[in-house]
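Would you mind keeping the following structure in view while I ask a few things?
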């Protein structure tokens, strides 16, 4: 494991990027480290890029920690190039980032300057002069090439540029010369701006704003149909759908529904939105009407062609019911039971929102073998209820004031508590299946040194 | 003892079923004895690895004890339910071993793949207990692999392994068990049982009824077990933890992988009786089962291989003949009387003990090496006998040193003698393969090493199980830096800035403490060979090691000791390689034929050199501590060297015996012998033990002898003491020994203080003890290497470099030392260098030509190609490219290392030219741009390379520079700060204050005291820095992280002239090294600009070689 980033304090203590963690720890046993999370870093960079959209639409990522902005024609909006750079950096700094920036005619030059001379704005044609004193590392070449130049005594971009182009090409390839020329402002290379993520989206504009509920619903239905086509083409289905209503006066309203499994049937989608719109505590207000309605699948997943067989159909219907109920009442209110992997009876199941229930891979423990009585009751009491027991010839126990006499008894099933979860040791339970003289079956347990008895459930 | 119920537990899993059982075999056996069991059977999963431990524990129980049964739980890969197999007699035991070996050989290391077919083939004489799987619980069989059956094709008659059937419901199991029982009964009638346990699952009784029916139907007896995983219910927690480690889950996610309750422990017989109240016969059956077993590990009779003995002779006769023959060769002028007497005596003793075959076997192995011209030398308790000398096993002349042979071969204990043989480390493999070729893989195998959980691994694994983040675990683990074997203590937890009272951490630490010492897996021993006359794989299962063509048994050296089997250690020693290479060089260049025994003895020049601590590269005495000792001890004869080697060891140091010895040696103190009170014994009883070392015990056996003579230990007790020390097994025993030793000595009138020092010394010997014989063998190698260094410094340095990595010093120090001794060292050159370092004739002797192997990153294959096409010489870089067609990368490395000096002197121009060459490996990127023949180029000159940059580049490529020392370029800077050179430090007066800066060569933290020794180097020499623990804490970062370190402190000069700089402050000045690469023009360094975000070339990161650190 190696360090991938160090803060100012760490740098001052002599740690550096690429240092083995063990060495760093040997120096500073109390060193705090966090696991690098590249996807998260990239996401953050993308978020900053999004924010930069406010300055220019041409923003490109320069990972791991750079952004390239093509501000051609945009600088005047901010009072000139220097002012624009200043403002951009200042606002990013305000957001808590450490920023270095530079502005030049080519991306490579700007990048090199940003690394070494923060805040530089190079007038057109001044690249060669500004870059000449910079170390060649500023060009971000591969380490082997950089090393070769350093070893040859060519340590600045100026020294590198002083060599013949043929000489360089013969040694390091055309790419290097291209990069160098680009840095010096002698060739052009446009940046490739970020593309929006592929998105499933359908929208309709209205010349005359729509007001009535019916039109809105039928619009959603037809949008659902076109969205469904796109989804089907990509073999995907939506797990989350969002309808966006743009009001003529500029306000925007987002309404989202979620589904338990990837869905793309237009009828289903339409129905879900109908449920949702009906149940809104704060109904949408068309005001002067909507001039644009957009339907987007904001989360899509692979969706295989519907399964076959009666079972599949039944499952599908249940899922649809769940989705409808969830759309109406909120997904946190439609629950289903999930098995939980533990020996402790009352913890062996949990209730989770039904739309997410699919995720569990665990199957229910078999509580009965073929031709045998179940080992555990299907349902347990909310909490075990104490019973008083007299053990004579037969087991007598009193539960809720009623005395039961055990006719048959099997056990014990001994279940020890999960020792690592409790502050103090919990007593081990001995469970018994008990049938009383009237044929009622109970699940009792006993715990503790001087036994205390509880009823935990009844068999149907 | 409880009740009258007789019960034997047969399904016992120990922690040698790795990560399944949660108790040591010892705990299980002792608990069984306490409960009054009739018998206890150890049956680990497809292994016999733990049985000897159980046997040893069983032997130690003095009261009435249960019968110990040896077996294995066979876990099949083909879905067959587990079967416990217990051999009824020795032959059946042999078959069980063969079967397990078969299973191990077809699987990768550490696994064992068995099918029912294997059992059917080897079942004769095995008592079999079918263990129905517990419902809902998996057996943990590895997923079926088709390749398993590939091995089967080669095995004659082995049953094929079928993939397990997927169905796994109770009913199917039920039928499967029935048919399995039927099959077994038809093949092994009267030897099949059905094992049942009562795991408290609720339906226990019903299941018991069912199995009773099945058993009755098949007319096999039902056998009660508790399917034991640990000795006492308290171990449930640890069992849960090891389950989680095994399954790679955290406790919170483990769920039903864990056992539901804590019932799988050894229960008192009457409790078992209660559980099986409805099937009392199942209990009675356990005892009947145990009664049918007539096998015990005591019956394993080890026999020596008889290959070396020619027909018609006894081993003893043959050994005697060989010995006298050898004596005649060793002493051409006639065997001296002293040796003759020793030989006669030793041979008589060997005859009495009937261990002649052992000596012959070692002689045989040494013979292989001799025929292949591989240097070797024996050591170990029996090695320094006259017999070993005349047989050529050792080179220590019995005339030179007298060792009492019978002291090491104890007549009473009938223990086999111990001889380790060191071979050249690069060629040991040849010897090993020779052994296999001669004895066969079924008769020769390496011993195992049981890899146990150490504090660090234990806390790392348990931390994961408890869901502690890696950060916390690392903090906990780093708290135990370097401390082995002892438990994690609260202090260490605190050191990691963690709260030991945090419940989670406390539990993790508790579990980790319990886990320490648990076996984790088996690994091959470094070189301990077990050889037998009969099949070894009928004594113990043999399996493949991770290394190809290596096989090892399931028992480690303690187990082998317990069973009194013989082991020969075939070890690798780097110094022998070095000496061999030096001998070869001397033969080529000076025409001298040399061998270990032939080096001129007692050469005063060699001792003069050693007295001046001029010992870089000399075996055993080159370490910092040894170099400090040399001028104090001033060795003048061989025995002084023996003492020198033994004295700088934890034993004498911890026992505070070093200074008394030195004082007596220099005549500052009277030599006297501690004596008991007159009524207890003669005042000179210790004279015999200690007279060779001026009354101070220095060697391990002296300390043992002391225990016998002064504290009246029996030889067995003394040996037990040594063993208790060697493996800090349990604190209780050690304290008992301490009381006995100290108490025994003071009771007899010795001083308390002296007695305690003796004990501390024995404690120190524990893990790193050096017996005298051992020290003598090492001292001999030290003398030989010192002799070569003194008389053939070029050959010595060359051989030392070619034998790297070894020893304490990096190539830079070896080269510097050679140059200080007048050896001319020449730079690597494509036209003159070979892969190895070589010698070239020069004015006034031989010069050392650095070899291509010194260049970092250069491969041996490239060197071979380069040399093959060199014919006469290369005239130009293009010449090499054209003729040798090396990859461009290789040429760049050569150019960077400045190895084209014979072609052109300008390093940069060559490098620039090399970059232009096309790559014979044809990287697509470069393909199009080059043509085979290149136009000559006219180029502007490149900037001139400054000397400092040259030196830096040399260090980066070769880890040394012949041009200058890096520190020279910084000298002005440091002088300006008032920092003196290492040379100044050596001359400074005692008590002076000084600051010194240098490249960190080595960092050492010997023992647990926490003192750090640092060696700094600059252009004037080296300086020794001592950092006391308190300071280590403050300056840890500087001490551990610096490459260039500045130390301020006080000079400490000993009367013998050994100088230390005792650190008071340490500063990391590594950054100064960056100045060296800056040009005068001053391109700003990237790091200062970009705050460390630039990716640096690895060579630039490692500006200078990493120091060698020993902890």
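May I have the extent of the alpha carbons of segment A:372-442 along their three principal axes, as whole Å values ordered from largest to smallest?
Per principal axis, max minus min of the Cα coordinates gives 41, 29, 25 Å.
Okay, next question. Could you calculate the FRET efficiency of residue B:940 with residue A:251 from 1/(1 + (r/R0)^6), where r is the beta carbon distance between them and R0 is 41 Å, rounded to 0.05?
Calculated transfer efficiency: 0.05.
Going by alpha carbons, how many degrees (0 to 90, nearest 10) lie between the helix axis of A:213-233 and the longest principal axis of chain A?
Helix A:213-233 sits roughly 70 degrees off the main axis of chain A.
Right, another one. Using only Cα atoms, tell me the angle between helix B:731-747 and the longest principal axis of chain B; keep it within 0 to 90° and round to the nearest 10.
Between the helix axis and the principal axis of chain B, the angle is about 70 degrees.
Further question: Please work out the C-alpha center-to-center distance from segment B:199-270 to segment A:18-87 and express it in whole Å.
Each part reduced to its Cα centre gives a spacing of 58 Å.
While we're looking at this one, here's another question. Find the centroid of the Cα atoms in segment B:589-663 and in segment B:428-467, then give the distance between the two in whole Å.
34 Å
While we're on this one: How would you classify segment B:216-259 from its alpha-carbon gyration tensor, with a ≥ b ≥ c the square roots of the eigenvalues: rounded for a/c under 1.5, else prolate if a/b is greater than b/c, otherwise oblate?
Working: a/c = 4.17, a/b = 2.22, b/c = 1.88.
Prolate, since a/c reaches 1.5 and a/b exceeds b/c.
Moving on. Which whole-angstrom value gives the distance between the alpha carbon centres of segment B:23-60 and segment B:1019-1077?
For segment B:23-60 versus segment B:1019-1077, the Cα centre distance is 54 Å.
While we're on this one: For a label point 7 Å from the Cα of residue B:1065 along Cα→C-beta, name the residues of segment B:947-977 whose backbone N is under 16 Å from it.
Taking a point 7 Å out along Cα→Cβ of residue B:1065, the residues of segment B:947-977 whose backbone N falls under 16 Å are B:974-977.
Counting only C-alpha contacts under 8 Å and six or more residues apart, can you give the relative contact order of chain A as a whole percent?
Worked out over chain A, it gives 8 percent.
Right, next: Over segment B:542-622, what is the relative contact order in percent, taking alpha-carbon pairs closer than 8 angstrom and at least six residues apart? Walk me through the numbers on the way to the answer.
Numbers: 28 pairs, mean separation 9.4, N = 81.
Dividing the mean separation by the residue count of segment B:542-622 yields 12 percent.
If you don't mind, there's one more thing I want to ask. DSSP beta bridges in the protein assembly as shown, what fraction antiparallel, as a percent rounded to 5?
Within the protein assembly as shown, antiparallel bridges account for around 80 percent of the total.
Right, another one. Could you work out the relative contact order of chain B? I mean the mean sequence separation of Cα pairs under 8 Å and 6+ apart, divided by the number of residues, in percent. Present the calculation step by step, with values, prior to reporting the outcome.
Working: 1961 pairs, mean separation 84.6, N = 1111.
Reported as a whole number, the value is 8 percent.
Return the calculated 222 nm mean residue ellipticity for chain A, to the nearest 500 deg cm²/dmol, obtained by summing -39500 (n - 2.57) across DSSP H runs with n ≥ 4 and dividing by the residue count.
Working: 13 runs with 144 residues, N = 460.
Value at 222 nm, helices only: -9500 deg cm²/dmol.
Can I ask one more? In terms of the Cα gyration tensor, with a ≥ b ≥ c the square roots of its eigenvalues, is the protein assembly as shown rounded because a/c is under 1.5, prolate because a/b exceeds b/c, or oblate? Intermediate values should be presented prior to the final figure.
On the way: a/c = 1.99, a/b = 1.06, b/c = 1.88.
Since a/c reaches 1.5 but b/c is at least a/b, the shape of the protein assembly as shown is classed as oblate.
I'd like the orientation of helix A:266-279 relative to chain A: the angle between its Cα long axis and the longest Cα principal axis, in ° from 0 to 90, rounded to 10.
The angle comes out near 80 degrees.
Report the extension gain between residue B:1030 and residue B:972 in nm, rounded to one decimal, defined as 0.36 nm multiplied by the number of residues separating them, less their alpha carbon distance.
Taking 0.36 nm per residue and subtracting the Cα distance, the gain is 17.7 nm.
Could you work out the percent of alpha carbon pairs in chain B separated by over 48 Å, rounded to a whole number? Could the numbers behind the result be given before it?
On the way: 254647 of 616605 pairs.
Percentage above 48 Å: 41.
Identify the residues of segment B:847-872 with backbone N under 18 Å of a label point that sits 7 angstrom from the Cα of residue B:883 along the Cα-to-Cβ direction, or state none.
B:852, B:862-872
Give the whole-number value, in cubic angstrom per residue, of the convex hull volume spanned by the C-alpha atoms of segment A:1-157. Don't skip to the end; give the middle numbers.
Values: hull volume 21.5 nm³, N = 157.
Each residue corresponds to 137 Å³ of Cα convex hull volume.
Give me the distance in nm between label points sitting 7 Å out from Cα along the Cα-to-Cβ direction at residue B:840 and residue A:76, one decimal.
Using points 7 Å along Cα→Cβ, the separation is 7.3 nm.
For segment B:612-699, what is the convex hull volume of the alpha-carbon atoms per residue, in Å³?
Numbers: hull volume 8.7 nm³, N = 88.
Measuring per residue, one finds 98 Å³ for the Cα hull of segment B:612-699.
Another question, then. Which distance in nm do the two modelled labels at residue B:441 and residue B:345 give, with both placed 7 Å along the Cα-to-Cβ direction?
So the two model labels end up 4.7 nm from each other.
Per 0.36 nm of contour for each residue apart, how much would the distance between residue B:372 and residue B:120 grow if the chain were fully extended, relative to their Cα-Cα spacing?
Details: separation 252, 0.36 × 252 = 90.72 nm, distance 4.56 nm.
Working it through step by step, the gained length comes to 86.2 nm.
Ignoring everything except DSSP H segments at least 4 long, calculate the 222 nm mean residue ellipticity for chain B; use -39,500 (n - 2.57) per segment, divide by total residues, nearest 500. Each step should come with its number before you reach the end.
Values: 48 runs with 483 residues, N = 1111.
For chain B, the value works out to -13000 deg cm²/dmol.
Where both residues lie in chain B, what percent of DSSP beta bridges are antiparallel, nearest 5? Spell out each step's value before the answer.
Working: 60 of 95 bridges.
For chain B, the DSSP antiparallel bridge percentage is about 65.
Follow-up question, since we're still on this one. Once R0 is set to 30 Å, what does the formula 1/(1 + (r/R0)^6) return for the Cβ-Cβ distance between residue B:548 and residue B:875, expressed as a FRET efficiency to the nearest 0.05?
0.10
Given axes a ≥ b ≥ c from the Cα gyration tensor, I'd like to know whether chain A is rounded (a/c under 1.5), prolate (a/b larger than b/c) or oblate. Working shown, then result.
Details: a/c = 3.28, a/b = 1.74, b/c = 1.88.
Oblate, since a/c reaches 1.5 and b/c is not below a/b.
Take the Cβ-Cβ distance between residue A:381 and residue B:992 as r, set R0 to 51 Å, and report the resulting FRET efficiency rounded to the nearest 0.05.
On the way: r = 85 Å, r/R0 = 1.66.
Step by step, r from the Cβ atoms, then E = 0.05.
Under a plain spin-label model, where a point goes 7 Å from the Cα along Cα-to-Cβ, how far apart in nm are residue A:204 and residue A:335?
4.1 nm
Here, each number is a calculation from the coordinates, and none is a lab measurement. In this text, all values refer to a predicted model and were calculated from it rather than measured experimentally. So basically every Cβ, Gly included, is an ideal-geometry build from the backbone, and we count neighbours across all protein chains shown.
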